[in-house]
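The values are calculated or read from the model by the stated rules, or taken from the named source; none is laboratory data. From a predicted model like this one, the values you see are computed outputs, not experimental measurements. Here Cβ is always computed from backbone atoms with ideal geometry, including for glycine, and neighbour counts include all displayed protein chains. Areas reflect the complete protein model, heavy atoms only, side chains present, ligands, DNA and RNA absent. Shrake-Rupley method; radii C 1.70, N 1.55, O 1.52, S 1.80 Å.
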Amino acid sequence: MTSHSTSRRTVLFAAAALTTAGCGGDGGDGGTTAGTPEAPEAPDSPDAPESPEGDGEALARTSEIPVGGGAVFAEEKVVVTQPTAGEFKAFSAVCTHQGCLVNKVADGTIDCPCHGSKFRVADGSVVTGPATRPLPAEQIIVSGETISLA
């Protein structure tokens, strides 16, 4: 009887994994949305932000992150916000509900397209469920005008 129960759990777990695997789309908008800046140019571009030597990958210039808003970087699975002028925060872009990628920052919230969860730009806490856990904080480095992954 135990092996039957274990097999059923394995099947249920596999089904759940397949169900959530399809939730990670970014809505086809390249990681930005109306009201947020376009994603920064490729690192090979002469206009792309440069990362300070030894630091992580450059994401954006500080001027590209609106005050009270933010930008989603789908490839890096991170969202960067600027809750108040000069204060930059970063959070995982993976929704804590079922693993979908958030796809926009609007009206002070980070929004998930899959089931409608919304998180505060200031601290990643849940504003609207079904998510019950906040978005985990990510480490960034702000050096001059450049925001980089830590």
Listed by first then second residue, the pairs whose first member lies in the range 105-124 and is within 12 Å of Val80 (Cα to Cα) and assigned to a loop (DSSP other than H, G, I, E, B), whose partner is open to solvent by 20 Å² or more (accessible area, probe 1.4 Å) and aliphatic (A, V, I, L, M), with beta carbons under 8 Å and at least 6 positions apart or on separate chains, are Gly124/Ala137
Kindly indicate whether any position in the range 58-68 is without any contact (Cβ under 8 Å) to a residue 60 or more places away in the chain and in a strand (DSSP E or B). yes
